[in-house]
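Trainee: Handing you this structure, nothing more for now.
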Amino acid sequence: MTQRRMAAVLAGGMLLGATVLALAATPEQIIAERRAGYKHMGENFKAMKEAIDAGAPVQPLAAKAAEIVAWAQKIPTMFPPGTETGGGTHARPAVWSDRPGFEQHAQQLQTEAAKLEQAAQSGDRAAFAAQWKATGKVCGECHQTYRYKLS
């Protein structure tokens with residue numbers, strides 16, 4: 001099975017899991033799950049940055065990029081009504097009041113992360129580094145509107 005196919009299967013499972021989670025979990029559990037997902041994405045970005053800085057091969061990072069693609073697909077499902085407060089959420093009210101904009105940012109992340117995965121698969125370190133920056137830029141833009149800054 002190719003990495004792309006595995007990522008698609010993983011994404012489908014994550015979407016189904018998110019739907020079940022949203023139906024069965026408490027708001028606190030959903031918030032904890034989404035915080036864990038974002039933390040894992042941050043860890044992947046950090047590992048990629050370390051590899052870029054070290055001049056390491058980027059092909060092994062394709063799996064980490066695929067995880068970001070799958071997470072980006074799941075993001076909109078992780079903010080159901082009722083999870084606006086509590087549980088240590090850092091989400092701003094705009095996540096719910098500007099749902100189309102929020103979902104557009106998640107789609108942009110998915111698109112840029114897919115390009116990141118392709119760059120990793122190509123083995124081109126320069127292309128990967130440039131796409132890592134482009135993917136991170138999408139994250140930062142989303143944070144400006146939809147996430148409270150941590151102090």
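The values are calculated or read from the model by the stated rules, or taken from the named source; none is laboratory data. These figures come from a predicted structure and were not determined experimentally. Here the Cβ is made from the backbone with ideal geometry for all residues, glycine too, and neighbour counts use every protein chain on show.
Trainee: Yes or no: Pro57 surrounded by fewer than 19 Cβ atoms within 10 Å (Cβ to Cβ), modelled with pLDDT of 95 or more and part of a helix (DSSP H, G or I)?
Mentor: no
Trainee: Only one of these is without any contact (Cβ under 8 Å) to a residue 60 or more places away in the chain and within 20 Å of His40 (Cα to Cα): Trp71, Trp96. Name it. It would help to see each step written out before you state the result.
Mentor: Numbers: Trp96 fails: within 20 Å of His40 (Cα to Cα).
So the residue among Trp71, Trp96 that is without any contact (Cβ under 8 Å) to a residue 60 or more places away in the chain and within 20 Å of His40 (Cα to Cα) is Trp71.
Trainee: Would you pick out the residues in segment 130-140 that are surrounded by fewer than 18 Cβ atoms within 10 Å (Cβ to Cβ) and either more than 24 Å from Arg92 (Cβ to Cβ) or touching a helix residue (DSSP H, G or I) at 6+ places or on another chain (Cβ under 7 Å) (or both)?
Mentor: Those that are surrounded by fewer than 18 Cβ atoms within 10 Å (Cβ to Cβ) and either more than 24 Å from Arg92 (Cβ to Cβ) or touching a helix residue (DSSP H, G or I) at 6+ places or on another chain (Cβ under 7 Å) (or both): Ala130, Lys133, Ala134, Gly136.
Trainee: Here's a follow-up. If you check Thr111 against the conditions, is it of a type in the set (S, T, N, Q), within 17 Å of Phe128 (Cα to Cα) and modelled with pLDDT of 95 or more? If you could, list the steps in order and put the result at the bottom.
Mentor: Numbers: of a type in the set (S, T, N, Q): yes; within 17 Å of Phe128 (Cα to Cα): yes; modelled with pLDDT of 95 or more: yes.
So Thr111 fits the description; yes.
Trainee: Next question, about the same structure. Return a yes/no flag: does segment 4-16 have any residue that is part of a helix (DSSP H, G or I), among the small types (Gly, Ala, Ser), at pLDDT 60 or above and loosely packed, with under 15 Cβ neighbours inside 10 Å.
Mentor: Initially, segment 4-16 is screened for residues part of a helix (DSSP H, G or I), giving 4-16.
Remaining after also requiring among the small types (Gly, Ala, Ser): 7-8, 11-13.
From what is left, the residues that are at pLDDT 60 or above are none.
So far as segment 4-16 goes, no, none of its residues is part of a helix (DSSP H, G or I), among the small types (Gly, Ala, Ser), at pLDDT 60 or above and loosely packed, with under 15 Cβ neighbours inside 10 Å.
For every residue, the table says whether it meets (1) part of a helix (DSSP H, G or I); (2) under 12 Å from the mean Cα position of the chain (by Cα); (3) closer than 26 Å to Gln29 by Cα.
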residue	(1), (2), (3)
Ala65	yes, yes, yes
Val95	yes, no, yes
Pro100	yes, no, yes
Leu109	yes, yes, yes
Ala130	yes, no, no
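Trainee: Scan segment 136-145 and give yes if some residue there is over 25 Å from Pro27 (Cβ atoms), at pLDDT 95 or above, part of a helix (DSSP H, G or I) and not charged (D, E, K, R), otherwise no.
Mentor: Checked segment 136-145: at least one residue is over 25 Å from Pro27 (Cβ atoms), at pLDDT 95 or above, part of a helix (DSSP H, G or I) and not charged (D, E, K, R).
Trainee: Hey, another quick one. Here are some conditions: (1) more than 21 Å from Phe102 (Cα to Cα); (2) among the charged types (D, E, K, R); (3) within 18 Å of the chain's Cα centre (by Cα). Asp53 meets all but one. Which one does it not meet?
Mentor: Against the list (1) more than 21 Å from Phe102 (Cα to Cα); (2) among the charged types (D, E, K, R); (3) within 18 Å of the chain's Cα centre (by Cα), Asp53 comes up short only on (3).
Trainee: Please specify each residue of segment 101-120 satisfying the condition of being out of contact with any Leu (no Cβ under 9 Å at 6 or more places or on another chain), farther than 18 Å from His143 by Cβ and either without any contact (Cβ under 8 Å) to a residue 40 or more places away in the chain or not aliphatic (A, V, I, L, M) (or both).
Mentor: Of everything in segment 101-120, those that are out of contact with any Leu (no Cβ under 9 Å at 6 or more places or on another chain), farther than 18 Å from His143 by Cβ and either without any contact (Cβ under 8 Å) to a residue 40 or more places away in the chain or not aliphatic (A, V, I, L, M) (or both) turn out to be Lys115, Gln118.
Trainee: To continue, here is another question. Could you tell me which residue of segment 60-98 is modelled with the lowest pLDDT, considering only residues that are farther than 21 Å from Gly136 by Cα and surrounded by fewer than 15 Cβ atoms within 10 Å (Cβ to Cβ)?
Mentor: Here the residue is Gly86.
Trainee: Checking Gly123 against (1) touching a residue at least 60 places away in the same chain (Cβ under 8 Å); (2) under 13 Å from the mean Cα position of the chain (by Cα); (3) more than 28 Å from Ala24 (Cβ to Cβ), which single condition isn't satisfied?
Mentor: Of (1) touching a residue at least 60 places away in the same chain (Cβ under 8 Å); (2) under 13 Å from the mean Cα position of the chain (by Cα); (3) more than 28 Å from Ala24 (Cβ to Cβ), only one is false for Gly123: (2).
Trainee: Something else about it: Cβ contacts < 9 Å: first residue outside any helix (DSSP H, G or I), restricted to segment 41-53; second residue among the β-branched types (Val, Ile, Thr) and modelled with pLDDT under 95, any location; separation 6+ or different chain. Result?
Mentor: Taking only residues 6 or more apart or on different chains, not a single pair turns up.
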